[in-house]
Amino acid sequence: MVTIKLWYSPGACSLAPHVMLHEIAAPFEAVETTVSTGANLTEAFSRINPKQRVPVLALDGEVITELPAIATAISGLSPERHLMGRTPLDQARVYEWMNWLSGTLHAQGFGCLWRPARFSNDEQAFDGIRTKGRQTISDCFALIEAKLRDPFAVGNAFTAVDPFLLVFYRWGAAIGLAMSTCYPRYSAFALALSERASVQSALAAESATR
Ligand SMILES: N[C@@H](CCC(=O)N[C@@H](CS)C(=O)NCC(=O)O)C(=O)O
């Protein structure tokens, strides 16, 4: 049996693969790494992932980074669950969602808001970058609200996209957006997802506050 290790930070995007691992019910080791403060960013962790980001997954010691790649690897551990989509079209939709969530909402939206120094060396520019980040987040959330129809983002079953969407829903609430009034469909989706055993187990394990 493959040995599985996940490095995560409570409430961070690593919650998505954490949920997926509970979903496939495979035994794994979860290692907390507090990236928000940099407190546990040890030299050892930097050697594991020189990008100094979570999530990091190791399968029999083979290190995998980047959420869409990690989600693909977890899905491969339990192919019968089709966590990256069942049909070829669903698989394309899963990657469409994952790339957009990762590259636009996460890297640009929350990146600008929480890490403006990534976008400019000029501190005077930071407020404008944060404002742009909030705008990008609102634009993305409006699109998510328009796209969500069913209890699941893709097809009629749980995929990797669902816990990833839950991460951003929680972050939206954390930055003070009125999620339930502004995004009722997204809220119903998040509420239903929060009742899944895998989500409750991952959240309890992380004692996530964000
Ligand atoms: N492109 C990476 C982004 C990962 C990422 O930014 N993770 C955040 C947590 S949500 C992190 O580790 N941040 C630490 C930092 O920015 O210093 C992925 O998809 O896995």
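Each Lys and Arg adds +1 at its Cβ and each Asp and Glu adds -1 at its Cβ; summed about the Cα centre, the stretch 88-196 shows a dipole of about 60 debye.
Summarising the label geometry, the points placed 7 Å from Cα in the beta-carbon direction at ASP122 and LEU191 lie 4.6 nm from one another.
About its Cα centre, what dipole magnitude does the chain give when the only charges are +1 on Lys and Arg Cβ and -1 on Asp and Glu Cβ, stated in debye to the nearest 20?
360
Please find the FRET efficiency linking ALA205 to SER180, where r is the Cβ-Cβ separation and R0 is fixed at 22 Å, and quote it to the nearest 0.05. So, using R0 = 22 Å, E works out to roughly 0.25.
Once the piece of chain linking ASN156 and THR87 is laid out straight, how much longer is it, given 0.36 nm per residue of separation minus the C-alpha distance between them?
Details: separation 69, 0.36 × 69 = 24.84 nm, distance 1.11 nm.
Taking 0.36 nm per residue and subtracting the Cα distance, the gain is 23.7 nm.
A straight Cα-to-Cα reach below 24 Å connects LYS51 with the lysines LYS5, residues fewer than 8 places away in its own chain not being considered.
In the chain, carbon and sulfur make up what percent of the accessible area (probe 1.4 Å)? Spell out each step's value before the answer.
Details: 5300 of 10160 Å².
Summing carbon and sulfur atoms, their accessible area is 52 percent of the total for the chain.
Packing order of peptides 163-173, 81-91, highest average first: 163-173, 81-91 (average count of other Cβ atoms within 10 Å over each peptide's residues).
Can you tell me which lysines have their Cα less than 25 Å from the Cα of LYS147? Leave out same-chain residues fewer than eight positions away. Cross-link targets: LYS132. Taking the charge dipole of the stretch 1-97 about its Cα centre, with +1 at Lys and Arg Cβ atoms and -1 at Asp and Glu Cβ atoms, the residue from THR42, THR3, TRP97 reaching farthest to the positive side is TRP97. Residues whose amide H lies under 5 Å from that of VAL56, counting only those 5 or more places away or on a different chain, are TRP7; hydrogens are built 1.01 Å from N in the peptide plane. The value of relative contact order for the chain, using C-alpha pairs under 8 Å at least six residues apart, is 25 percent. By the gyration tensor of its Cα atoms, with a ≥ b ≥ c the square roots of the eigenvalues, what is the shape of the chain: rounded for a/c under 1.5, prolate for a/b over b/c, or oblate? Taking the square roots of the gyration eigenvalues as a ≥ b ≥ c, the chain is oblate. Multiplying the residue separation of SER102 and VAL31 by 0.36 nm and subtracting their alpha-carbon distance yields 23.3 nm.
Taking the highest mean first, how do the peptides 54-65, 145-156 order by number of other beta carbon atoms within 10 angstrom per residue?
On the way: 54-65: 17.5, 145-156: 15.2.
Ranked from most to least packed, the peptides come out as 54-65, 145-156.
At 222 nm, what helix-only mean residue ellipticity would the chain give, in deg cm²/dmol to the nearest 500, using -39500 (n - 2.57) for each DSSP H run of four or more? All intermediate terms of the calculation are to be shown ahead of the outcome.
Details: 10 runs with 105 residues, N = 210.
The helix contribution divided over the chain gives -15000 deg cm²/dmol.
Of the residues LEU166, PRO79, LEU59, the one whose Cα sits farthest towards the positive end of the charge dipole of the chain is LEU166 (charges of +1 on Lys and Arg Cβ, -1 on Asp and Glu Cβ, taken about the Cα centre). Annotation for the stretch 77-109 versus the stretch 134-193: alpha-carbon center distance of 15 Å. Computed on the stretch 88-196, with alpha-carbon pairs under 8 angstrom and 6+ residues apart, the relative contact order is 25 percent.
The values are calculated or read from the model by the stated rules, or taken from the named source; none is laboratory data. Being a predicted model, the structure only gives us computed values, none of them experimental. Cβ coordinates were reconstructed from backbone atoms using ideal geometry, including for glycine residues, and neighbour counts include every protein chain displayed. Side chains included, ligands, DNA and RNA excluded: accessible areas come from the protein's heavy atoms. Shrake-Rupley method; radii C 1.70, N 1.55, O 1.52, S 1.80 Å.
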